[in-house]
Amino acid sequence: MEQLLIFPYSGNGLEALSCIGDKYELVGFVDDAIEKQGKTSFGPVVYSREAFEKFPNAKVLAVPGSPQSYKIRKQIIDGLNLSEERFASIIHPDASISNLSEIGRNVLIMAGVVLTSNCIIGDHVCILPNTVIHHDSAVGAYSLVGSNVAIAGNTKVGFSCYIGSGTNIINGITIGDYTIVGLGSNVIKSMPENSKVAGNPAKTIG
Ligand SMILES: CC(C)(COP(=O)(O)OP(=O)(O)OC[C@H]1O[C@@H](n2cnc3c(N)ncnc32)[C@H](O)[C@@H]1OP(=O)(O)O)[C@@H](O)C(=O)NCCC(=O)NCCS
């Protein structure tokens, strides 16, 4: 079994723990917040970044990001100063991934996710439970896709986007880089870069 460190000790990090199956053994979490460091109430230890050197053979799953910080996920992950080979991709054993799909490095795919044929999932992407991504669709690097999202065929989600849970995205459109889609939206047309949209049909907010 390979060793694994999960960064940070956050909601995404905790949910990642239930996805690691039999392939990895958790060494612990890594978090910069001193108040989070130490033993957790349920057992695992939260380390500082020194753990990356202390456990040189441990792979790393880095899953920072929230609706507040989705645009700087690349910065945060680059700031860990880890080589690309150090990252693991974790796929929950109950996800259904077509052999015809491609998955990058440091990708987290949670339970119940279905990737049908010819999906391309970029590096450093998180996909939360029960999301379905249909044929020939792509999710760009550093993006987060919430739970119960349906992305229809031939749709492209850009770089460093945040797709809120419960959203549906119609087939054949493009969601521009750095876009956030609010919880429970229906996106029925392409969105330019840096959009903030929500609702049914999804429109610009804020
Ligand atoms: C889209 C989002 C980021 C907007 O947050 P915000 O910038 O703080 O926006 P506000 O709450 O100030 O809302 C601005 C307007 O958009 C509307 N709005 C916000 N989110 C909406 C949503 N999901 N659906 C419909 N309308 C929404 C608000 O009602 C408000 O409308 P008003 O101006 O008419 O009053 C946030 O609402 C959201 O949906 N985040 C995703 C959360 C998520 O997916 N969580 C699950 C992760 S596991």
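Across region 155-163, rounded Karplus estimates of 3J(HN,Hα) from the backbone phi angles (6.51 cos²θ - 1.76 cosθ + 1.60, θ = phi - 60°) give 10, 10, 9, x, 7, 6, 9, 10, 9 Hz, Gly and Pro being marked x. Across the cross-link table entries Lys74/Lys189; Lys74/Lys196; Lys39/Lys71; Lys74/Lys203; Lys23/Lys156, which are compared at the Cα atoms, the separations over 22 Å belong to Lys74/Lys189; Lys39/Lys71; Lys74/Lys203; Lys23/Lys156.
Across region 129-141, coupling constants 3J(HN,Hα) worked out from phi with the 6.51/-1.76/1.60 Karplus curve, θ = phi - 60°, read x, 6, 8, 10, 10, 8, 3, 6, 9, 9, 10, x, 3 Hz, and Gly and Pro carry x. Annotation: amide H-H contacts under 5 Å for Ile90 (H modelled 1.01 Å from N, sequence separation of 5 or more, or interchain): Val107, Leu108, Ile109. FRET efficiency for the Glu35 to Glu85 pair, using the beta carbon distance and R₀ = 25 Å, is estimated at 0.20. Residues whose amide H falls under 5 Å from that of Gln3, counting only those 5 or more places apart or on a different chain, are Glu25, Lys59, with hydrogens built in the peptide plane. Protection proxy ranking of 72-82, 36-46, by the mean of other Cβ atoms within 10 Å over each peptide's residues and highest first, is 72-82, 36-46. Its relative contact order, with pairs defined as Cα atoms under 8 Å and 6+ residues apart, puts the chain at 12 percent. With the simple spin-label model, which puts each label point 7 Å out from Cα in the Cβ direction, the Lys196 to Leu183 separation comes to 1.7 nm. Only helices enter the 222 nm calculation for the chain: every DSSP H run of n ≥ 4 contributes -39,500 (n - 2.57), and dividing by all residues gives -2000 deg cm²/dmol, rounded to 500. Near the amide H of Lys156, within less than 5 Å, lie the amide hydrogens of Ala138, Ile173, Thr174, Ile175, all on another chain or at least 5 residues away, with H placed in the peptide plane.
Calculated from the alpha-carbon coordinates, the chain shows an Rg and a Dmax of 16.7, 50 Å respectively. Remark: region 114-121, residue by residue, has Karplus-estimated 3J(HN,Hα) of 10, 10, 7, 5, 6, 7, 10, 10 Hz, where x stands for each Gly or Pro and the curve is 6.51 cos²θ - 1.76 cosθ + 1.60 at θ = phi - 60°.
Just so you know, all these numbers are worked out from the coordinates, no wet-lab data involved. Keep in mind it's a predicted model, so treat the numbers as computed, not measured. Positions of Cβ are generated from backbone atoms using ideal geometry, with glycine treated the same way; all protein chains shown enter the neighbour counts.
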